[in-house]
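In what follows, a single structure is set out as structure tokens and then discussed.
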């Protein structure tokens with residue numbers, strides 16, 4: 001189903017579900033950026049319409065998350081209310097339950113909707129007091145098949161960083177910074193096979209996020225890419241583990257930095273990375289976080305640590321699926337392996353207090369990645 005068909009289906013279903021929903025007309029200034037607009041109870045609503053081919057829960061949550069960020073960005077600019085609506089082939093209780101739980105935990109104030117072609121809908125717009133669960137009919141669920149390609153795998157993150165951060169200051173990015181003119185250049189610089197590079201270029205080219213120009217490969221629509229990336233990061237709910245030093249030593253970073261295992265497998269993360277990089281903008285949380293590229297039990301054993309209650313923790317270990325992209329760009333500060341500034345901007349998003357503010361500061365003011373090309 002193409003974009004226009006998705007938008008038409010979403011609009012038709014929402015009009016039949018939300019009382020007082022009246023489709024609106026987009027202005028010329030927003031035609032290319034806004035999927036749908038509507039009037040609901042006298043309020044203008046900007047709607048970001050998404051769809052999935054197969055109702056895999058992770059894919060649905062990713063669309064909700066990324067769409068919420070995109071809708072909020074446009075709504076703030078236009079003085080409207082944001083709403084993300086995801087069209088799924090078949091809307092069942094498992095998908096609805098996962099969405100309700102996820103949105104309540106991560107985006108409690110966001111307006112969102114799940115709909116399917118049969119007219120089943122789950123809609124929540126807190127600012128308007130709308131909370132609708134409308135089961136109409138269940139239609140046959142498609143057979144499980146190949147899920148949508150995951151944009152932000154460890155390998156893809158690594159390749160994106162190489163393209164995005166080639167001009168970043170050396171003290172903020174420790175990865176490659178050679179010019180990338182071709183697939184071959186990217187594979188050579190990144191240490192990746194030609195087939196993996198081809199898949200990466202094809203995937204991001206289809207999303208119109210990567211283009212081949214006379215000056216070389218370029219990431220385009222960077223704001224859209226960053227919205228998608230941060231939305232994917234919100235799906236990483238693996239909890240940090242509080243630990244302390246088991247035997248001698250204070251358990252401080254300076255104490256642990258002398259361990260060969262720490263230098264090889266650990267990378268200082270989040271707000272502490274920001275402090276060490278000299279780019280701390282927001283108030284730092286009272287805990288130190290460290291990425292470990294090992295299973296947590298093995299990391300605890302190798303570093304001479306023990307799991308403990310949060311008030312007793314010397315630091316918090318972060319399990320990661322993204323070892324290559326995190327370790328590949330690390331820098332050394334005060335004898336410690338420290339996450340690059342872009343990675344730190346992702347790390348701090350897990351903190352509900354000032355995390356978003358610190359992340360925005362890094363991406364816009366420090367790395368200058370927001371905006372066009």
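The values are calculated or read from the model by the stated rules, or taken from the named source; none is laboratory data. From a predicted model like this one, the values you see are computed outputs, not experimental measurements. All Cβ positions, even for glycine, are placed from backbone atoms using ideal geometry, and neighbour counts span all protein chains on display.
Restrict the check to region 31-54 and report whether at least one residue is more than 25 Å from the chain's Cα centre (by Cα), closer than 24 Å to residue 222 by Cβ and outside the structural domain of residue 350 (by TED's automatic domain parsing).
yes
List the helices (runs of 4 or more DSSP H) inside region 264-373, counting only whole elements, that have at least 1 residues being over 17 Å from the mean Cα position of the chain (by Cα) and not assigned by TED's automatic domain parsing to the domain that holds residue 226.
270-277, 296-302, 323-327
Within region 61-106, how many residues turn out to be outside any helix (DSSP H, G or I) and touching a residue at least 60 places away in the same chain (Cβ under 8 Å)?
Summing the residues that are outside any helix (DSSP H, G or I) and touching a residue at least 60 places away in the same chain (Cβ under 8 Å) in region 61-106 gives 2.
Please give the number of the condition residue 298 fails out of (1) within 22 Å of residue 153 (Cα to Cα); (2) at pLDDT 90 or above; (3) out of contact with any strand residue (DSSP E or B) (no Cβ under 8 Å at 6 or more places or on another chain).
Exception for residue 298: condition (1).
Has region 267-290 got any residue that is in contact with a strand residue (DSSP E or B) (Cβ under 8 Å, 6 or more places away or on another chain), free of Cβ contacts under 8 Å to residues at least 60 places away in the same chain and farther than 22 Å from residue 171 by Cα?
Checked region 267-290: at least one residue is in contact with a strand residue (DSSP E or B) (Cβ under 8 Å, 6 or more places away or on another chain), free of Cβ contacts under 8 Å to residues at least 60 places away in the same chain and farther than 22 Å from residue 171 by Cα.
Would it be correct to say that residue 185 is touching a strand residue (DSSP E or B) at 6+ places or on another chain (Cβ under 9 Å) and in the same structural domain as residue 314 (by TED's automatic domain parsing)?
no
At pLDDT 90 or above, outside any loop (DSSP other than H, G, I, E, B), surrounded by 18 or more Cβ atoms within 10 Å (Cβ to Cβ) and on the phi < 0 side of the Ramachandran plot: which single residue out of 157, 188, 198, 184 fits that description?
157
Would you pick out the residues in region 316-347 that are farther than 20 Å from residue 158 by Cβ and in contact with a helix residue (DSSP H, G or I) (Cβ under 7 Å, 6 or more places away or on another chain)?
317, 333, 334, 336
Is it true that residue 228 is in a helix (DSSP H, G or I) and in contact with a strand residue (DSSP E or B) (Cβ under 7 Å, 6 or more places away or on another chain)?
It is false that residue 228 is in a helix (DSSP H, G or I) and in contact with a strand residue (DSSP E or B) (Cβ under 7 Å, 6 or more places away or on another chain).
Where the second residue is not in a helix (DSSP H, G or I) and the first is free of Cβ contacts under 8 Å to residues at least 60 places away in the same chain and lies in region 182-204, which pairs have Cβ atoms under 6 Å and are six or more apart or on separate chains?
186/180; 189/176; 189/178; 203/149; 204/210
Restricting to region 12-50, give me the number of residues that are within 14 Å of residue 88 (Cα to Cα) and modelled with pLDDT of 90 or more.
Going through region 12-50 one residue at a time, the tally reaches 3.
Of these, 10, 34, which one is in contact (Cβ under 8 Å) with a residue 12 or more places away in the chain and over 22 Å from residue 225 (Cβ atoms)?
Answer to the selection: 10.
Let me spell it out: the conditions are (1) modelled with pLDDT of 90 or more; (2) under 17 Å from residue 234 (Cα atoms); (3) in contact with a helix residue (DSSP H, G or I) (Cβ under 9 Å, 6 or more places away or on another chain), and residue 104 meets all of them except one. Which number is the exception?
(3)
Hey, can you tell me all the residues within region 265-292 that are more than 21 Å from residue 364 (Cβ to Cβ) and at pLDDT 90 or above?
The answer is 265, 266, 267, 268, 272, 288, 289, 290, 291, 292.
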